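Data block below; observations after.
Please treat every number below as a calculation from the coordinates, not as lab data. Since the structure is predicted, the reported quantities are computational estimates derived from the model, not experimental observations. Ideal geometry is used to build each Cβ from the backbone, glycine not excepted, and the neighbour counts take in all protein chains shown.
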Amino acid sequence: MTPIKYHEGAEAELLNEIGYLELRATGLGRRFFAEVRRAESFIVQFPESAEEIRPGIRKRLLRQFRYSLIYSIEKDGFLILAVAHHSRRPGYWVARARSDEK
């Protein structure tokens, strides 16, 4: 399986959202995480099917939550740059993409 890595900012977003949703309703955080895992599987199977929102950066919408996984296709796998809520200011994660360019 192709590895999926999370930028530290994206990992923090994921963990924070799981915790927040679980506090709102028991099981909601687990449902959110399951939806993220489904999106990860889809990314691995069909990496270029998601909308390209910037050169080399794609956005996979989650079906049941108002979030997207923002990712890039790397030579050794995939890098999730953001777990972005649709109401959050667009492009806040752009510096993450630049910081990982070498």
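Here are a few things to note about the model shown:
- Value at 222 nm in deg cm²/dmol, rounded to 500, when DSSP H runs of n ≥ 4 in the chain each add -39,500 (n - 2.57): -13000 deg cm²/dmol
- Correct choice for Cα extents along the principal axes in Å that was computed from the model, options [x] 35, 25, 23; [y] 41, 28, 21; [z] 60, 28, 22: [y]
- Cα long-axis angle, helix 8-24 against the chain (0 to 90 degrees, to the nearest 10): 20 degrees
- Applying both filters, DSSP loop and at most 11 other Cβ atoms within 10 Å, to the chymotrypsin sites (Phe, Trp or Tyr not before Pro) of segment 7-86 eliminates every site.
- Residue of 74, 48, 13 that the Gaussian network model of the chain assigns the largest fluctuation, springs spanning Cα pairs under 10 Å: 74
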